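Here's the structure, in structure tokens; my notes come after.
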Amino acid sequence: MDFALTQEQRQIRDMVAEFVDDEVVPRAAEIDETDEFPADLIEEMAELGLMGMPIPEEYGGAGLDYHAYPEALVEISRGSGGLGTIVAAHVSLACNMVYEFGDEAQCEAYLVPMAEGEEIGAFALSEPGAGSDVPAMETTAERSGDTYTIDGGKLWISNGSVADTVVVFAKTDPEAGGKGISSFVVRPEEDEGFHVEGTEHKLGDKGCPTAELRFDGMEIPADRRLGEEGAGFVQALKTLNGGRITIAARSIGLAQAALDDALEYAQDREQFDQPISDFQAIQHKLADMDTKINAARYLMHAAADKKMRGDRYVKEAAQAKLYASEMAREVCNEAVQIHGGYGYTKDFAVERYYRDAKLNEIYEGTSEVLRNTVADQLLG
């Protein structure tokens, strides 16, 4: 396996890095402070083709492969963890659900505007009593003729309050458990009965609204269903499997930002008449941080390589997300430690990286669930 980026992949990465340095990094602290959705940055990213990166060009995307796309997301997340989540939830979850499981008419109607960045997508799977335990969901979709009536609610939905298209999972056969779940395209502005109950005040991941949604007798046309009835649980698992590669990318981006800041600070900060980077204890921290980031990047590309080859990559994606997410927390923690007391203040960005990094161990598969996934794959 050769994970050296091609010239085109490097150009894409460098283009995104330049945009992030010029437009995102100067705004990151403000986004974190206000927790406002950065609509203007999303518009600029759409113009650069970043809101549909792996989606084929015929559906409005950029047609990037799964080495270039995660590398671009590394750079976006390096600038802002919240912006990284906005893009990952929109592209890897919402767009990919329609692309993978929608028919041609659905792709034209819903995928194209999302991939072009004209509309924002969300992926509504989790519920108050159904996080890791997806089959425990209580949202239902009852069919009557050419319509479905959806009742229930969703929680922890990234982009949920700003989305133009929401992929909603509901039970069409409540007695069938996971085999009774189906997925639907919901249009908040069109569908009566769609309600945003509010957004969460979170530890980090600011700028990406995390919404609670409610559906009260919401009627939608039957042609909004993605794929066959009862296929929703398998669709969700396949989509989340690919999404884990991009959460690994978000983790790497945050960790890289923390290492970059720690390197600069360690060489500037003097104690006992010398830069603290001269002390072996600090050098070892920096060496371990860089080593862990590189290891996570290789795991990410190993999973991406299998995905692109069409091979089974459940274990690889779980390992990439598991290792990278825990690595990011560890690296960001060390960056705070290197900054000392300053690292615990908002005067330095490392405290933001630290808060943003924790989320990676929770969403799109907790570390505990991913360890179960890896063990299941090992044990057959």
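The values are calculated or read from the model by the stated rules, or taken from the named source; none is laboratory data. Just so it is clear, the model here is predicted, and its values are computed rather than measured. FYI the Cβ positions are ideal-geometry reconstructions off the backbone, even for glycines, and counts take in every protein chain you see. Side chains included, ligands, DNA and RNA excluded: accessible areas come from the protein's heavy atoms. Shrake-Rupley method; radii C 1.70, N 1.55, O 1.52, S 1.80 Å.
Is it true that GLU326 is more than 22 Å from the chain's Cα centre (by Cα), surrounded by 15 or more Cβ atoms within 10 Å (Cβ to Cβ), acidic (Asp, Glu) and closer than 25 Å to SER80 by Cβ? Break it down stepwise before answering.
Working: more than 22 Å from the chain's Cα centre (by Cα): no; surrounded by 15 or more Cβ atoms within 10 Å (Cβ to Cβ): yes; acidic (Asp, Glu): yes; closer than 25 Å to SER80 by Cβ: yes.
For GLU326, the condition - more than 22 Å from the chain's Cα centre (by Cα), surrounded by 15 or more Cβ atoms within 10 Å (Cβ to Cβ), acidic (Asp, Glu) and closer than 25 Å to SER80 by Cβ - is not met.
Scanning segment 369-380 for residues that are free of Cβ contacts under 8 Å to residues at least 24 places away in the same chain and either over 11 Å from GLN319 (Cα atoms) or among the polar types (S, T, N, Q) (or both) yields ASN372, ASP376, LEU379, GLY380. Taking the criterion of being aromatic (Phe, Trp, Tyr) and within 20 Å of GLU229 (Cα to Cα), the residues of segment 121-170 that qualify are PHE123, TYR148, PHE169.
The set of residues in segment 217-247 that are more than 12 Å from the chain's Cα centre (by Cα) and of a type in the set (Gly, Ala, Ser) comprises GLY217, ALA222, GLY227, GLY230, ALA231, GLY232, ALA236.
Would segment 58-68 turn up any residue that is assigned to a helix (DSSP H, G or I), open to solvent by less than 20 Å² (accessible area, probe 1.4 Å) and farther than 26 Å from ALA211 by Cβ?
Going through segment 58-68, the residues assigned to a helix (DSSP H, G or I) turn out to be 58-59, 68.
Those still in the list that are open to solvent by less than 20 Å² (accessible area, probe 1.4 Å) too: 68.
Subsequent filtering for residues that are farther than 26 Å from ALA211 by Cβ retains 68.
Checked against the condition, which is being assigned to a helix (DSSP H, G or I), open to solvent by less than 20 Å² (accessible area, probe 1.4 Å) and farther than 26 Å from ALA211 by Cβ, segment 58-68 yields at least one hit.
Within segment 77-106, the set of residues being assigned to a helix (DSSP H, G or I) and of a type in the set (Ser, Thr, Tyr) comprises SER77, THR85, SER92, TYR99. Those strands (runs of 3 or more DSSP E) of segment 118-234 in which 1 or more residues are open to solvent by 40 Å² or more (accessible area, probe 1.4 Å) occupy 140-144, 147-158, 194-199, 210-221. For beta carbons closer than 9 Å, sequence separation of 6+ or different chains, a first residue in segment 68-80 that is in the same structural domain as MET15 (by the TED database) and a second that is hydrophobic (A, V, I, L, M, F, W, C) and at pLDDT below 95, the qualifying pairs are ALA68/LEU5; GLU71/LEU5.
Assessment of segment 194-208 against the conditions (within 20 Å of the chain's Cα centre (by Cα) and polar (S, T, N, Q)) yields at least one matching residue.
Examine segment 80-95 for a residue that is surrounded by fewer than 24 Cβ atoms within 10 Å (Cβ to Cβ) and in contact with a Cys (Cβ under 8 Å, 6 or more places away or on another chain), and state whether such a residue exists. No, every residue in segment 80-95 fails to be surrounded by fewer than 24 Cβ atoms within 10 Å (Cβ to Cβ) and in contact with a Cys (Cβ under 8 Å, 6 or more places away or on another chain).
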